[in-house]
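A.B. asks: My questions all concern the structure below.
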Amino acid sequence: MTTESNIPPESSLVEVSTETRDMVNREMPNETDKVKNETMALIEAIKKRAQAEIQGASQLTSDAYLTAIHEARTAVEQNQLFDKERIEYTMKLIQMDAQKNWESILKEISVFGDRLSDAAKAAWEALTAPRSDDNSNV
C-alpha cells in the first residue's frame with residue numbers, strides 16, 4: 001500500500017490547467033506527486049472561486065444596466081421620452097449608480113485578491129515548511 005491511496009477520490013477529478021501544472025512542477029520539483037497534486041487542486045479551486053467572484057461582480061453591473069433600460073422603456077411607453085430634465089436626471093442617477101457599483105466591484109475584487117494571495121501564501125508555507133516530526137525517511 002502506498003501513501004498515494006490516501007488521496008481523496010474527488011482530488012483526482014480536478015482538471016488542472018497546463019499553466020498550473022507547469023508552475024507547481026517548476027516551484028516544487030522535489031515534492032512528492034501527492035503534494036504536487038494537492039497543491040494543483042488547491043490552486044485550481046482558488047482560480048475557480050476567483051472566476052465566480054468576478055462573475056458575481058459583473059452581475060451587479062448587468063443589473064444596473066437592466067434597470068436603466070427598464071426606466072428608458074417606461075419613459076417611452078409613458079410618452080415621456082422627450083422630457084429633457086427627466087432624461088438628464090435619470091442619466092445622472094444611472095451614472096451615480098454605475099459609479100457606485102464599479103467602486104464596489106473594484107473593492108470586492110481587491111479584497112478577494114488580497115484574500116486569495118494570503119491563502120496561496122499560507123498554502124505554500126504549509127506545503128513547504130519543514131516538518132517537526134522526522135518523517136523524511138518514509
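A.B. asks: If we keep just the residues of the stretch 49-81 that are within 9 Å of the chain's Cα centre (by Cα) and surrounded by fewer than 12 Cβ atoms within 10 Å (Cβ to Cβ), which is modelled with the lowest pLDDT?
C.D. replies: Gln55
A.B. asks: Need the failing condition index for Glu38 against (1) of a type outside the set (A, V, I, L, M, F, W, C); (2) under 30 Å from Asn25 (Cβ atoms); (3) assigned to a helix (DSSP H, G or I); (4) modelled with pLDDT under 85, just the number.
C.D. replies: (4)
The values are calculated or read from the model by the stated rules, or taken from the named source; none is laboratory data. Predicted, not measured: the structure shown is a model, and the values here were computed from it. Glycine gets a Cβ as well: all are built from the backbone with ideal geometry, and neighbour counts include every protein chain shown.
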